[in-house]
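Dropping the structure in here first, questions after.
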Amino acid sequence: MAETRFAPPGPLGYGGAPLGNMFAVVDDATARGALDAAWDTGIRYFDTAPHYGSGISEHRFGEALRQRPRDEFVLSTKVGRLLRPDASRPVNQPFLDPLPFRVVVDYSFDATLRSVEDSLQRLGMDRIEIAFIHDIAEDHLGPNWVEVFDEAMRNGAAKALIRLREEGVIKAWGLGVNRTEPCSRALRMSDPDVFLLAGRYSLLDTSALGGLFAECAERGAHVVVGGPYNSGLLAGGRNFDYVEASAERVAARDRMAEMCARFGVDLRSAALQFCAAHPVVASVIPGAKHAERVRENAALMRRPIPGEFWQALKREKLLPEEAPTP
């Protein structure tokens, strides 16, 4: 039987990229309102990263969460990018109006230890529960990503996080990525506990189902699903994977929407609940800039959906037959 590993609470968590001014600037009061609303709706898992606004997101999370009972919530952040002071406020796409820091990609052992310490300073806290190695994948690093990845696993970030886990500084570590291949490779090469996987398990993309999720189940590893709306396409927007969706993706979304209309189901509710239904999924973390959207997500996760709806999606080949449903 697979070892039981630490996992964040679910089914709903809070993803911190929007509070780093992702695609649009958010003022401090609005950010605080969103985080307070998350707490008030019962969310107890919060994820952020240095990359999100060159530190803005971590500062905002710390400001909102420091007053909360520390043993009552789980906090994750990421390593792989250090922030160096730079008065020119370098561009850090897709985050607008970043803090005056330059982002330096570094997956080395020493940089990982420094990154965790720096994050604790920005958060104003004495600990985090989970550290994810951020964007260590082809979409960020290019075709030579495997070389960087393998070095991070053998001598760099993974080695440092394993040490921090053994020392009790963190409870778990893994990868925070948009691709399944690095996660599978990490399971073969090392001993991760949990992955934050964005966009690869959703109503429009179940590519994680057959391979990675089965591997996680065998090893006792968990998955946090990021991007359950696929960058907004499943929530009424036009983006998929952070860019404008292709006509094929839009057509697939529209077919899903037609089925939802037939059964009186909100597409967003189906998107969230589908992600949460898989046994290896510990939490689903849609991003939200505003308190109203946070409360809406919480309500959508609880809304009843008839079993006939899921059966119809499978019958119409819109979902794989083997995909778990609520």
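What do you get for GluC sites (Glu not before Pro) in region 137-205 restricted to DSSP loop and a cutoff of at most 15 other Cβ within 10 Å of the site's Cβ?
In loop regions of region 137-205 (DSSP not H, G, I, E or B), the sparsely surrounded GluC sites (Glu not before Pro) are E167.
Tell me, what does the Kirkwood hydrodynamic radius of region 225-311 come to in angstroms if you use every pair of distinct C-alpha atoms?
13.5
Could you tell me what percent of the accessible area of the chain is made up of carbon and sulfur, with a 1.4 Å probe and every protein chain present?
48
For region 199-244, state which trypsin sites (Lys or Arg not before Pro) are in a DSSP loop and have at most 15 other beta carbons lying within 10 Å of their beta carbon.
R238
Also, quick follow-up: Charges on Cβ only, +1 for Lys and Arg, -1 for Asp and Glu, centred on the Cα centroid of the chain; of I43, V25, L164, which one is farthest towards the dipole's positive end?
About the Cα centre, the residue reaching furthest to the positive side is I43.
If you stretched the chain out fully between R295 and D86, how much longer would it get, using 0.36 nm times the residue separation minus the C-alpha to C-alpha distance?
Fully extending the segment from R295 to D86 adds 71.6 nm.
Starting from a Cα-only point model with no solvent, please compute log10 I(q)/I(0) by Debye for the chain at q = 0.11, 0.15 1/Å.
Log10 of I(q)/I(0), two decimals: -0.66, -1.27.
For a test of the definition: using alpha carbon positions, the gyration tensor, and the 1.5 limit on a/c, classify region 61-207 as rounded, prolate or oblate.
Rounded shape, in that the Cα axes give a/c under 1.5.
Please work out the Cα convex hull volume for region 176-326 and give it in Å³ per residue.
About 108 Å³ per residue, rounded to a whole number.
Pop a pseudo-label 7 angstrom from the Cα along the beta-carbon direction at both A312 and D150 and give the gap in nm to one decimal.
Between A312 and D150, the label points sit 5.0 nm apart.
Counting only helical runs of four or more DSSP H residues, what would the 222 nm mean residue ellipticity of the chain come to if each run contributes -39,500 (n - 2.57) and the total is spread over all its residues?
Using -39500 (n - 2.57) per qualifying helix, the result is -11500 deg cm²/dmol.
While we're looking at this one, here's another question. Which order, highest average first, do 126-134, 64-72, 296-304, 89-97 follow once you tally other Cβ atoms within 10 Å for each residue and take the mean per peptide?
By packing density, highest mean first, the sequence is 126-134, 296-304, 89-97, 64-72.
Another question, if that's okay. Counting only pairs 8 or more places apart or on different chains, how many lysine pairs in the chain have C-alpha atoms closer than 30 Å?
Number of lysine pairs found: 5.
Counting only heavy atoms of the protein chains, get the accessible area per residue of region 75-215 (1.4 Å probe) and round it to a whole Å² value. Can you show the working numbers first?
Working: 5650 Å² over 141 residues.
Accessible area per residue: 40 Å².
Sticking with this one: Roughly how many Å is it from the Cα centre of region 132-154 to that of region 171-202, as a whole number?
The distance from the Cα centre of region 132-154 to that of region 171-202 comes to 12 Å.
The values are calculated or read from the model by the stated rules, or taken from the named source; none is laboratory data. Bear in mind the structure is a predicted one, so any value in this text is a computation, not a measurement. FYI the Cβ positions are ideal-geometry reconstructions off the backbone, even for glycines, and counts take in every protein chain you see. Ligands, DNA and RNA are stripped out before the accessible areas are found, and what is left, the full protein with its side chains, is counted by its heavy atoms. Shrake-Rupley method; radii C 1.70, N 1.55, O 1.52, S 1.80 Å.
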